[in-house]
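Down below is the structure, laid out as structure tokens.
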Amino acid sequence: MTGIGRQGESALTASSDLIALRARDVVTLLKRGDVSPHELLDALETRIAEVEPAVNALPILCFDRARKAADELMRRPIDERGLLAGIPLPIKDLTDVAGVRSTRGSLIFADTRPERSDILVEHLEAEGALIYAKSNTPEFGAGGQTFNEVFGATRNPWDLSRTTAGSSGGAAAALASGTAWLAHGSDMGGSLRNPASFCGVVGLRPSPGRIAFTPGAIIDDTLSVEGPMARDVEDLALLLDAMTGSSPEDPRSRPRPATSFLDAARSRKAPRRIAFSADLGITPVDPEVAETCRRAAHRFGEAGVVVEEAHPDLSEAHECFQVLRARNFVTGLGALYDSHRNLLKPDVVWNIEQGLRLTTRDIARAEAQRAAMFNRMAAFFGDYDLLLCPATIVAAFPIEQRYLAECAGQALNTYIDWLAIAYAITLVSSPAISIPAGFTAAGLPVGLQLVAPAHAEAALLSAAALLEDHLALGQITPITPRQPSS
């Protein structure tokens, strides 16, 4: 097998050949009987021993459980093993897997082992996923930097002195370092998109309801969603197909569409007219990141797509998101604040206390702002098929920083302000994907965010796969974790 890194990276050793394969090719091998789930688990266990001590992406392993599930799966005929057919998959450590340690990145739950899996996990296992690990996350997914008091920080494989972002940082780092072919994540304010951008992989925030999962304290919450991560768009579409489907236990959930998302991605249908904005009019952006994303967006022109600079009015996003997020924090974590405040990280305490101070008028105003932005976005998509912008406003920053406090000479007021370019899209319920757009001069990945109208994942994946082809970055992951450059 040839080397798959960039800038002279050496070829993978023969023992790692499986690790370098695309997930869809692994599934093809599984369905042909050319490789067994046990061989895949063995390859992952070897790779984890090689790279995980440096990266800390998958702090909870459950290979015995996965091998037992593989035994049960292989008793079925090959054509009854589901869309994933026995490919191993890590689950983010905010989501329950029956019998597996589930910490939520918190000392409060450090030794918790749930009896039942989340609805999402049950759907994935029904489609042949083998759960072998839990991926690292910040405490309760709060903040765009993956560290916690239970397992410590996850490091970026592109530069081990840098963060992976968050909160699906462990998932993104596992994909980039070759300890996963596919990965599960979740997203409220960019938690699928930011880590994908920082780690040179692909992450999709689907429309609310696209993927069923066990509701939390707010049963009709549309800020938080579950979603897929992968090394390229077609692999991500494969995982999205396996994740979708309704459940009577999730009132938000929608049926699986008739046409598969993998087929949609493979169609490579070009949009007619797209808009690009470097900042959505709401945030500073590092100039190098802005220019990398602008160049990438204009590559659509090679497919005959009209590319214009424009964005809808999202000026209320900061106030709106702060209020609605604080409401969710006090609703979901208020009881833990009362009983275990001393074990919560300061950022979580701040968010809960912010929620406790809210008035009904504050919440009503935020809901009205959200509705107005949704309507403006819907009107915007009457003129444009897609909106493109950076997925994050910087490339990966030093791991010692809890959050980004300044960008392009502008101070950021709270620990989530730097996520505005992602959470503005959350508020309007649009599906959004981050794909690799290029690299900084220092060799760090930069992600481009593509945004579509609500429930238009098929068109989004089709366009993203087309642009991925035109960008021609090649297969940039997995890589051997890199020490900081001198």
Whole-percent carbon and sulfur share, accessible surface of region 162-272, 1.4 Å:
51 percent
Trypsin sites (Lys or Arg not before Pro) restricted to DSSP loop in region 241-291 with at most 11 other C-beta within 10 Å
Arg272
In what sequence, largest accessible area first, do Phe439, Phe63 appear using a 1.4 Å probe?
Phe439, Phe63
Share of antiparallel DSSP beta bridges in the chain, in percent to the nearest 5?
70 percent
Okay, helix-only estimate at 222 nm for the chain: each DSSP H run of n ≥ 4 adds -39500 (n - 2.57), divide by all residues, round to 500 deg cm²/dmol; what do you get?
-11500 deg cm²/dmol
Built amide H within the under 5 Å cut-off of Lys92, gap 5+
Ser135, His184
Table column - 3J(HN,Hα) (Hz), region 77-93, Karplus curve with 6.51, -1.76, 1.60, x for Gly and Pro:
x, 4, 6, 10, 9, x, 4, 9, 6, x, 6, x, 8, x, 10, 4, 7
Solvent exposure ordering (accessible area, 1.4 Å, most first) of Thr222, Thr392, Thr331, Thr259:
Thr259, Thr331, Thr222, Thr392
Suppose every Lys and Arg Cβ carries +1 and every Asp and Glu Cβ carries -1, with no other charges. What dipole size does region 69-224 come out with about its Cα centre, to the nearest 20 debye?
400 debye
Enter the accessible area per residue of the chain (Å², integer; probe 1.4 Å; all protein chains in place).
36 Å²
Projected onto the charge dipole of the chain (unit charges on the beta-carbon of Lys, Arg, Asp and Glu, signs +1, +1, -1, -1), the Cα from Leu460, Met74, Ser434 with the largest positive-side position is that of Leu460
On the full set of protein chains, 1.4 Å probe, figure out the accessible area of Cys199 and give it in Å² to the nearest 10.
0 Å²
Report, by chain and number, residues whose modeled amide H sits under 5 Å from the one on Ile60, excluding near sequence neighbours (fewer than 5 apart, same chain).
Lys134
Quick one: what are the phi-derived ³J(HN,Hα) couplings along region 224-238, Karplus 6.51/-1.76/1.60 with θ = phi - 60°, whole Hz, x for glycine and proline?
9, 9, 9, x, x, 10, 7, 8, 8, 5, 5, 4, 4, 4, 4
For the chain, evaluate the Debye formula with one uniform point scatterer on each Cα (no solvent term) and list log10 I(q)/I(0) at q = 0.06, 0.09, 0.11 Å⁻¹, rounded to two decimals.
-0.23, -0.54, -0.83
What percentage of the solvent-accessible surface of region 347-484, computed with a 1.4 Å probe over protein heavy atoms, is contributed by carbon and sulfur atoms?
54 percent
Give, rounded to the nearest 20 debye, the magnitude of the charge dipole that the chain has about its Cα centre when Lys and Arg contribute +1 at Cβ and Asp and Glu contribute -1 at Cβ.
220 debye
Determine which lysines satisfy two conditions relative to Lys31: a Cα distance under 21 Å, and not lying fewer than 8 residues away in the same chain.
Lys68
Which of the aspartates and glutamates could be linked to Lys345 by a straight reach, that is with a Cα gap under 15 Å, when you skip same-chain ones fewer than 8 residues away?
Glu139, Glu149, Glu353
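The values are calculated or read from the model by the stated rules, or taken from the named source; none is laboratory data. Since we're looking at a predicted model, the values are computed, not measured. Every residue, glycine as well, gets a Cβ built from its backbone with ideal geometry; the counts of neighbours run over all protein chains shown. Surface areas here come from the heavy atoms of the whole protein model, side chains and all, with no ligands, DNA or RNA. Shrake-Rupley method; radii C 1.70, N 1.55, O 1.52, S 1.80 Å.
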